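Laboratory data are not the source of any read-out in this text; all were calculated from the coordinates shown. Keep in mind it's a predicted model, so treat the numbers as computed, not measured. Virtual Cβ from ideal backbone geometry, glycine too; neighbours counted across all protein chains shown.
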Amino acid sequence: MNSEVAVIMGSTSDWETMKYACDSLEELEIKYEKRVISAHRTPDLMFEFAEKARERGIKVIIAGAGGAAHLPGMVAAKTTLPVIGVPVQSKALNGLDSLLSIVQMPGGIPVATTAIGKAGATNAGLLAAQMLSMYDKKVAERLEKKRQHMTETVLESSERLG
Ligand code: RP5
């Protein structure tokens, strides 16, 4: 079976963050591919990837980038697949630059933007899974189980507090 989700990132230095998106997808048994594609260092590759993603069977794109983070928006400009943008925590501005670059898309070309850093990457994987779960019952069941497990873990930890 082909990958349903593509996880792309602007640099190998983003992997430290984007691995959490991949962890979410793996936990939910979703086939994905991961690639480094840079908006400013490999612009032609970025356009080729975005243009061909749908015909290759990709259903959701997760794009992580830091700093002047134009990757999610530029990919979204070249495909009508849903794009989830993950702001990577930058050194200079702690990821506020990444967040604003990704979240403030002008009307017409949406990018679903998550929180900065690890939580955002984790949620990007989960959100992609939730999108797929609209048409995939097995994924929907796995998501339900994961939620149940989270609830039970919190209730148990609360009981341990006494
Ligand atoms: C962006 O520049 C990447 O997404 C990365 O977050 C940031 C820094 O890249 P490197 O200098 O670490 O390659 O394109």
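Computing FRET efficiency as 1/(1 + (r/R0)^6) for Q148 and A119, where r is the C-beta to C-beta distance and R0 is 30 Å, gives about 0.90. Counted over all Cα-Cα pairs of region 66-137, pairs farther apart than 13 Å make up 62 percent. Modelled label positions at S157 and E55, each set 7 Å beyond Cα in the direction of Cβ, lie 4.8 nm from each other.
Under the rule a/c < 1.5 gives rounded, and otherwise a/b versus b/c splits prolate from oblate, where does the chain land using the Cα gyration tensor? Walk me through the numbers before you get to the answer.
Values: a/c = 2.16, a/b = 1.38, b/c = 1.57.
Note, shape of the chain comes out oblate.
The modelled label-to-label distance for the pair H40/D23, using points 7 Å beyond Cα in the direction of Cβ, is 3.0 nm.
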